[in-house]
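Data first, discussion second: the structure below is written as structure tokens.
The values are calculated or read from the model by the stated rules, or taken from the named source; none is laboratory data. Remember, it's a predicted structure, so these values are computed and weren't measured experimentally. Counting neighbours? That spans all protein chains shown, and the Cβs are built from the backbone with ideal geometry, glycine included. The accessibility values were calculated without ligands, DNA or RNA, using every heavy atom of the protein model including side chains. Shrake-Rupley method; radii C 1.70, N 1.55, O 1.52, S 1.80 Å.
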Amino acid sequence: MHTASQALAIERQASAQPSLAERVSRPKTRAILGLMRLNFLSVDGFGAHGVEFVWYDRLGLCIEFLWGGDMSWSLNAVAIAASILLSQGAFAACTNDTSGAGVSMLSAGTCEPQYATYAGTGAGGAMGPVYAGGNGALVSITRNTTATNSRGRATGGSFYASGGTARIVSVPGVTLTSDTTTGSYVHGFRANGYGVLDIQGDAVGTIRSSYGRAMLVDPLGVIRVHGKTTLTVADTAGSNSRALALEGGTAAVADSLIELLGDVNVSLINDSARVVTAVGGTLKIGGHLNATGYAGKTGIDGIRMLNGPVDIQLNTFELNEVAAIGIFVEASTNPLSFSAAGAGNIRSSKDGFIALNHAGSNGTVSFGPNTTIAMTGANATAVRLVAGARFAAGAGFTVDESAVFDSQTAFDLRGANQPIALTDARVHTNVLWLSNDAGTNLSFTGHGGSYRGTAGIAQGTLNLALDSGAVWAVTNDSSLGAAGQVTLAGNAVLDASVKGGATGLAGDVLNNGGVVTLQQVSASPSDVLQTRRYTANGGQLLLDTTLNDASSSISDVLQASEVVAGGAPTQIFVRPTAVSSGALTTGKGILVVSVTGTSAPDAFVLGAPVSHNGFDYLLVQDAGDGNWYLRSQRAVPPVTPGAALPVPAGTPWGLAALGALLAAAVARQRRR
């Protein structure tokens, strides 16, 4: 196969020679051809006569010949060339089968189909009903045309452009409809070998065969649809059929292209069907891709990328009821890229469904803003990532599990080590982050948004950073890994009140201006957050507390193995429960922060005064155990400037004051 530069050089060389029609029309040539018996198989010694054959595509179509430099015509050379050209139909400028079986153009020139419907094997033989093959061949379609391909085993297509600068072009407003019969490898729209299929109007394709492709670009082909594209993998098809197939091999991605400028609708009715298979090349969809499978089918896939290089560029998209995998990026040494500029939706009710299986260490997946993954089956996964896999999503990324099944995972980390940053995401699943791979070392940043679920990092490390008001509602015991931590900044919230009772968080907590809350809507004072190291650098700790004496008081508690002061202290805000009556505390007081190891003395302060029913509660670190307690004292009434201070009568100071008043009264009486 020639490279683009080689093909261009050959085309220029051929254009400098007399045309094929001119050569055949020469009297001497016609006489030679008329007198000779041409038998290609009996001729040898090609090189001795200076004959050079140019092969434009992998099917072996010889579309041009060159002669000796002295312009002499060797009888043997003419015999050889004419035999090959005649055997390939190159002397026929345009073939339109009178029965409407097919139309083909096998040499330079323009051919216009004369029928609205072509069916069967086609005039192009194994190539298909509507075929352009060879340098300069053009099939120009000016009417709505339907072509049904009945040729199988990887030969041709309903509309097939192959070789050199071969083109099939339809004018605007015209619809091309492709259909296929049953069998194997029966394809619809197809281009390869620098062939171009340019559909100015709409394209409609249906596949009914095993391993069939409704729209196929194999090496160095281009298919472009300017209007709307509608593709169906019918229920009569066998297994492994595809709506869109990029099979361009390992050439540069730009050399094999499917570009669909309008909306694209894909219906997958058959089991084991797929919306897109991309082995090599570029897929661009400028409109909205709407692909729909059926819930009753088990093997339907969405988009699969492998080998490469591959570049898939979408605008907005929907993958509905793709039962097995939504988007699959396989392992490859070549770059594999998927990007969407606008919102996407991936939905499935299948158990075990994986929305994005990103197994490519050289792969990049980037979703547009407001992309949603909705899973209604058990044991489903939104995003699975391996080492080197890169994932990004625009603002508003959403993963939402079913209310029926409580067994879904948002991020399955299998050695994932590329940072992820999401903005205003909403991720609500049973497990938010899962890893059983020691190679996992992920930095995950949430700028705003809502995360509800657990962290299950049994092996590896997750470093979670939340800011801009992001909220993580921890629904059950969680682990961030042996060296993992969560950093709270910009009023981000770690809510450990959801489970009720003790919630374990195996990881460090760095409060860098965020909020750790154990306050429930019901104001229950029995929640405990158990964590490793707690570092105070500002921020808040919110607690529900029953304010009585120590024997009947209870409070939410932060329990840490170590407390470190990293800067400003964390402010503790206490919300009294409804049963609080206020009393003098006994013993050490009401426990609010429990530390099993070292505890910095200036890590916490009260964020606001705590008073209840005439008692003030102060935050005190016990000198013995290093824990933090609330201890009460009677409230001192506020003093009004200039007013006399009330003196209780039962105190020594009160009795002395009363005696002084009586003595003064007696003295005044005597003076009278």
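Structure data summary
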read-out	value
Close pairs from the stretch 387-413: first crowded, with 18+ Cβ neighbours inside 10 Å, partner modelled with pLDDT under 95 and of a type in the set (D, E), Cβ under 6 Å, at least 6 apart	Q408/E401
Members of the stretch 548-570 that are open to solvent by 60 Å² or more (accessible area, probe 1.4 Å) and modelled with pLDDT under 95	S551, S552, I554
In the stretch 216-240, the residues that are of a type outside the set (S, T, N, Q), part of a strand (DSSP E or B) and under 20 Å from G173 (Cα atoms)	I223, R224, V225, L231
The stretch 349-386: number of residues that are touching a residue at least 40 places away in the same chain (Cβ under 8 Å), part of a strand (DSSP E or B) and among the polar types (S, T, N, Q)	0
All positions within the stretch 164-187 that are touching a Phe, Trp or Tyr at 6+ places or on another chain (Cβ under 9 Å), assigned to a loop (DSSP other than H, G, I, E, B) and among the hydrophobic types (A, V, I, L, M, F, W, C)	A166, V186
For Y185: the one exception among (1) aromatic (F, W, Y); (2) open to solvent by 10 Å² or more (accessible area, probe 1.4 Å); (3) at pLDDT 95 or above	(3)
Where a residue in the stretch 300-317 is in contact (Cβ under 8 Å) with a residue 24 or more places away in the chain and open to solvent by 20 Å² or more (accessible area, probe 1.4 Å) and its partner, wherever it lies, is of a type in the set (S, T, N, Q) and part of a strand (DSSP E or B), with Cβ under 6 Å and at least six apart	R304/T277; D311/T282; D311/S337; Q313/S339
Strands (runs of 3 or more DSSP E) (entirely within the stretch 593-642) containing at least 2 residues that are under 49 Å from the mean Cα position of the chain (by Cα) and at pLDDT 95 or above	604-606, 628-634
Pairs where the first residue, in the stretch 262-275, is at positive phi and the second is hydroxyl-bearing (S, T, Y) and open to solvent by 20 Å² or more (accessible area, probe 1.4 Å), C-beta under 7 Å, 6+ apart	S272/S239
When residues of the stretch 571-590 are limited to those that are under 12 Å from D622 (Cβ atoms) and surrounded by fewer than 21 Cβ atoms within 10 Å (Cβ to Cβ), the one modelled with the lowest pLDDT	G587
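Residue-wise test of (1) open to solvent by 20 Å² or more (accessible area, probe 1.4 Å); (2) of a type outside the set (S, T, N, Q); (3) under 15 Å from A421 (Cα atoms).
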| position | (1), (2), (3) |
| --- | --- |
| N441 | yes, no, yes |
| F444 | no, yes, yes |
| R452 | yes, yes, no |
| Q459 | yes, no, no |
| N463 | yes, no, yes |
| L466 | no, yes, yes |
| V474 | no, yes, no |
| Q485 | yes, no, no |
